[in-house]
Amino acid sequence: MKKDRYKNRIIVSIIFFFFSVLYSLIFFNPKWINYTILGLTPIIVLLSYEFLKNILKSWIDKYPYMPSRMEGLGFKIGGSNGYPKNRKVTKADVLFGCLFLILPGLIIMFLYKLFVN
């Protein structure tokens, strides 16, 4: 995998966070934390992805793949995005996809509950 793969995504996440904080400061919104948490959303998603990827990589000894659409267990990935052409979707890949869909939302809900209420 490329080492600087997420460089542009991280830059966009930081810019998104900066504009959300700037927006809440300019309009002096009493609910400024709402915009700050929304500004953190891209960073939370990227950090969740990296966290889950590193945990599952140590568990299955290869980078996990997130199945899309109708790819089920045993389907060939086809060598897309740097994965080997003969790689098949495994249970760990499906687990990675499910956890990645759930974890960022749980973190954002926890932050709202912690700071807003």
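The values are calculated or read from the model by the stated rules, or taken from the named source; none is laboratory data. Because the structure is a prediction, the values reported are computed rather than measured. All Cβ positions, glycine included, derive from the backbone under ideal geometry; neighbour counts span all protein chains shown. For accessibility, only protein heavy atoms count, side chains too; no ligands or nucleic acids. Shrake-Rupley method; radii C 1.70, N 1.55, O 1.52, S 1.80 Å.
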The condition from (1) at pLDDT 75 or above; (2) open to solvent by 50 Å² or more (accessible area, probe 1.4 Å) that Asn81 misses is numbered (1)
>> Condition check: modelled with pLDDT of 80 or more and open to solvent by 90 Å² or more (accessible area, probe 1.4 Å). Does Lys88 satisfy that?
In response: yes
Expected output for the range 85-99 (first residue farther than 11 Å from Trp59 by Cβ, partner in a helix (DSSP H, G or I), Cβ below 6 Å, 6+ apart or cross-chain) is Leu99/Leu52
What do you reckon, is Lys113 out of contact with any Phe, Trp or Tyr (no Cβ under 7 Å at 6 or more places or on another chain), charged (D, E, K, R) and either at pLDDT 85 or above or open to solvent by 70 Å² or more (accessible area, probe 1.4 Å) (or both)?
yes
